[in-house]
1. Taking the condition closer than 19 Å to residue 84 by Cα, in a loop (DSSP other than H, G, I, E, B) and at pLDDT 90 or above, does residue 62 pass?
2. Could you tell me whether region 12-30 includes any residue that is part of a loop (DSSP other than H, G, I, E, B), on the phi > 0 side of the Ramachandran plot and modelled with pLDDT under 90?
3. Being in contact (Cβ under 8 Å) with a residue 12 or more places away in the chain and over 16 Å from residue 13 (Cβ atoms) is the filter here; which residues of region 71-81 pass it?
4. If I go through region 31-44 residue by residue, how many of them are surrounded by 11 or more Cβ atoms within 10 Å (Cβ to Cβ) and more than 11 Å from residue 11 (Cβ to Cβ)?
């Protein structure tokens with residue numbers, strides 16, 4: 001899937017099975033991670049060129065993006081302004 005303009009396609013990291021304190025977290029209460037891998041990016045616009053590249057690890061605004069299922073895995077299509085930081 002190739003996003004257009006300033007959109008990016010991201011895949012979230014899976015939620016952690018173990019809490020920071022070392023306790024197992026049941027699947028029913030795990031929270032989605034805001035850490036993502038950028039899968040593909042659009043070309044940007046004339047006024048705002050694309051600054052991200054596929055393969056980068058980034059942090060997104062929680063609960064932003066349009067859910068898209070690709071090959072049975074959840075991805076999100078969102079505007080590049082929803083990316084807060086990269087590693």
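1. Numbers: closer than 19 Å to residue 84 by Cα: yes; in a loop (DSSP other than H, G, I, E, B): yes; at pLDDT 90 or above: no.
When the stated conditions are applied, residue 62 does not pass them.
2. In the first step, residues of region 12-30 are kept if they are part of a loop (DSSP other than H, G, I, E, B); the result is 13-17, 19-23, 25-26, 30.
Checking the rest, the ones that are also on the phi > 0 side of the Ramachandran plot come to 22.
From what's left, modelled with pLDDT under 90: 22.
Looking through region 12-30, at least one residue is part of a loop (DSSP other than H, G, I, E, B), on the phi > 0 side of the Ramachandran plot and modelled with pLDDT under 90.
3. At the first step, the residues of region 71-81 found to be in contact (Cβ under 8 Å) with a residue 12 or more places away in the chain are 73-81.
Result: 77, 79, 80, 81.
4. Keep residues of region 31-44 that are surrounded by 11 or more Cβ atoms within 10 Å (Cβ to Cβ), which gives 32-44.
Next cut, more than 11 Å from residue 11 (Cβ to Cβ) only: 32, 34, 41-44.
Number of matching residues: 6.
The values are calculated or read from the model by the stated rules, or taken from the named source; none is laboratory data. Worth saying up front: this structure is predicted, and the values here are computed from it rather than measured. Neighbour counts are summed over all protein chains in view; Cβ atoms, including those assigned to glycine, are modelled from backbone coordinates with ideal geometry.
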